[in-house]
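**Q** Encoded as structure tokens, here's the structure I'll be asking about.
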Amino acid sequence: MSTHDLDRRGFLRGSSAAALGLGMAPMLGSGAMAQPAPQRGGSVRIGHSGGATSDTMDPATYAAGPLVLAMLGGVCNNLVEIDETGAVKPELAESIEPSEDTRTWTVRLRDVTFSNGKPLTAADVIASFNHHRGDGTTSGAKDLLTDVTEIRAEGERTVVFELASGNADFPFVAADYHLVIMPANGDGGLDWQSGIGTGGYTLEEHEPGVRIRLARREDYWKENRAWFDEVTLLTINDPTARQNALVTGEVDIINGVPTSTVHLLERRPGIDIVEVTGSAHYPFPMHCDAAPFDDVNVRLALKHAINREELVEKVLRGHGVVGNDQPIGPAYRFHDASLEQRSYDPDRARHHLREAGLDSLDVTLSTSSAAFSGAVDASVLFQQSAAEAGINLNVQTEPADGYWSNVWLKDPFCAGYWNGRPTEDWMFSMVYAQGANWNETHWQNDRFNTLLREARVELDESKRAAMYAEMQQLCRDDGGAIIPMFANFIDGKAERIQHGTLASNRFLDGWKAIERWWVAA
């Protein structure tokens, strides 16, 4: 079965194996108004945060910086990609078909070439995935592939993935930004040093933490992508400096516009704000195995003691939506909109304190500007609202430098940040499953973990929806994460840069702006 015309409704319908057609519900937020047809030509300069002098071309080390934007949406392709509706679509895979139990996935490759003229083969795909597997790797994608027991070639253009257990969402894993396809080096390893890929651009210059320059390939296999002649990515980590660069015309696109200054950019002639509601959220995780958070009533008291609407208004300045103490927001396909929204209720918080045998509560909340933009302000607002419930929240501001290594996962109550993940299973497995490396709340719930395993292999979407709805409820009522808000992704661009309907799984059109956007005439 071909993947070209399948949508989510057609995925795995019935009991027979079907081709890839996974997708998320259409994302909320701004798409694009009617635009002129895309056209080739012109150059674009992008100011991006997250670059560092330690950046390398090794995909195992990729983080959320300009190098990822350059490689994921420019130099390389994945087997599949996430499109503007949140659906998984074939990219280097011509088709991808699961077995009936979703434990075996067969991928047939397109007939394409790398930028050096070498044909893409199964060996390249195997090397690209194996680079992130095994005991010796420190790849950020290692945990995503722990369930992969074998990857084998069946001829030059067919790859078979064997999983230890079924996973109906496996194609979403193949869309991860670490898993770009690069050429094998001949001995089974990966030739990542050359920076060669099958994408629409070639890497012309890479000065880590400073500049990346790309040039368009004339022979790119996608006829309707890669419109720019040249792309330059500049590392500009300071948000004020990024905005100034856009205003003065030094760059044409920037990522990560702070909510505090969106209104200023909106007033500037010749500048557009690009904003979509995605899956990014700002939790306050509590360690469920540390007193006093080991009492669910203490956790519920704190959840009722935070004023979510106030945080969206004052911290996000309206650029987001309230959260409900579970990570599956409205951008997800199995988001349960019927789950009762928790609200600020000091009396209810006091009730739960009494249930915990307490008249009042004194706890310390560690926070830092490194957690998210406005994290310190959000923590102070939380402190003020909690006081009305008899909770003394001691806000302890930590240095930004080293926050993620010294505070997060270590302090029992702190401010955090998640970009979200493409699927419910991915988000839950990484952060909420028992034993997960990044289980920031140390939460263990047997029912939740059973549902997680069952939903992963369930082919009936209505049954999966019911399972994920129950898991969202368990997170809300028993879990250790206070999740008061989901934030929009906000970027800025010059008017001359155009785009179609926007993806909202990440900044900058799902990190695909280099391939999807163009210069207007």
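**Q** For segment 439-496 and segment 321-357, what is the centre-to-centre distance using only Cα atoms, to the nearest Å?
**A** Centre-to-centre (Cα) distance: 13 Å.
**Q** Stretch residue 204-residue 260 to full length: gain in nm at 0.36 nm per residue minus the Cα-Cα span?
**A** So the chain would gain 16.5 nm between residue 204 and residue 260.
**Q** Further question on the same structure: Taking the dipole about the Cα centre of segment 283-483, with the C-beta of Lys and Arg at +1 and of Asp and Glu at -1, give me whichever of 370, 396, 443 is farthest to the positive side.
**A** Of 370, 396, 443, it is 370.
**Q** Now for a different question. Can you tell me which of 437-448, 371-382 comes out highest on packing, and rank the rest after it, using the mean Cβ neighbours within 10 Å?
**A** Per-residue mean Cβ counts within 10 Å order the peptides as 371-382, 437-448.
**Q** How high is the relative contact order of segment 362-438? Use alpha-carbon pairs under 8 Å, at least six apart in sequence, and give a whole percent.
**A** 34
**Q** Now for a separate question. Using a 7 Å offset from the Cα along the Cα-to-Cβ direction at both residue 377 and residue 135, what is the distance between the two label points in nm, to one decimal?
**A** Modelled inter-label distance: 5.0 nm.
**Q** Looking at this model, which pairs from 89/463; 142/463; 118/493; 410/512 are more than 26 angstrom apart at the alpha-carbon?
**A** 142/463; 118/493; 410/512
**Q** Okay, next question. Of the peptides 343-350, 412-419, 293-300, how do they stack up when ordered by the mean number of other Cβ atoms within 10 Å, highest first?
**A** Ranking the peptides 343-350, 412-419, 293-300 by packing returns 412-419, 293-300, 343-350.
**Q** I would also like to ask the following. Indicate, rounded to the nearest 5 percent, the antiparallel portion of the DSSP beta bridges found entirely in the chain.
**A** Antiparallel: roughly 75 percent of the beta bridges in the chain.
**Q** For the chain, with only Lys/Arg (+1) and Asp/Glu (-1) charged at the beta-carbon, what is the dipole magnitude about the Cα centre, in debye rounded to 20?
**A** Its charge dipole is roughly 860 debye.
**Q** I've got another one for you. Among DSSP beta bridges whose residues both lie in segment 283-483, state the antiparallel percentage, nearest 5.
**A** 25
**Q** Hey, another quick one. Where does the chain land at 222 nm, in deg cm²/dmol rounded to the nearest 500, when only DSSP H runs of n ≥ 4 count, each adding -39500 (n - 2.57), divided by all residues?
**A** The helix-only estimate for the chain comes to -6500 deg cm²/dmol at 222 nm.
**Q** Quick one: which of 131-143, 251-263 comes out on top by average Cβ neighbours within 10 Å, and what's the full order, highest first?
**A** Going from most to least packed, we get 251-263, 131-143.
**Q** Please work out which option in (1) 44, 24, 23; (2) 38, 29, 20; (3) 40, 33, 22 gives semi-axes √(5λ) of the Cα gyration tensor in Å calculated from these coordinates, and answer with its label.
**A** So the structure-derived entry is (2).
**Q** Once you have the Cα-Cα distance between residue 165 and residue 396, take 0.36 nm times their residue separation minus that, and quote the gain in nm to one decimal.
**A** Value of the extension gain: 78.8 nm.
**Q** Now, a different point. Would you kindly state how much longer the chain becomes between residue 149 and residue 237 on full extension, computed as 0.36 nm times their sequence separation minus their alpha carbon distance, in nm to one decimal?
**A** So the extension gain works out to 27.7 nm.
**Q** Charges only on Cβ, +1 for Lys and Arg, -1 for Asp and Glu: so what's the dipole of segment 283-483 about the Cα centre, in debye to the nearest 20?
**A** 320
Rule-based calculations on the coordinates, nothing more; no lab input. Note that the structure is a prediction, hence the values are computed from the model and not measured. Cβ: placed from backbone, ideal geometry, glycine included. Neighbour counts: every protein chain shown.
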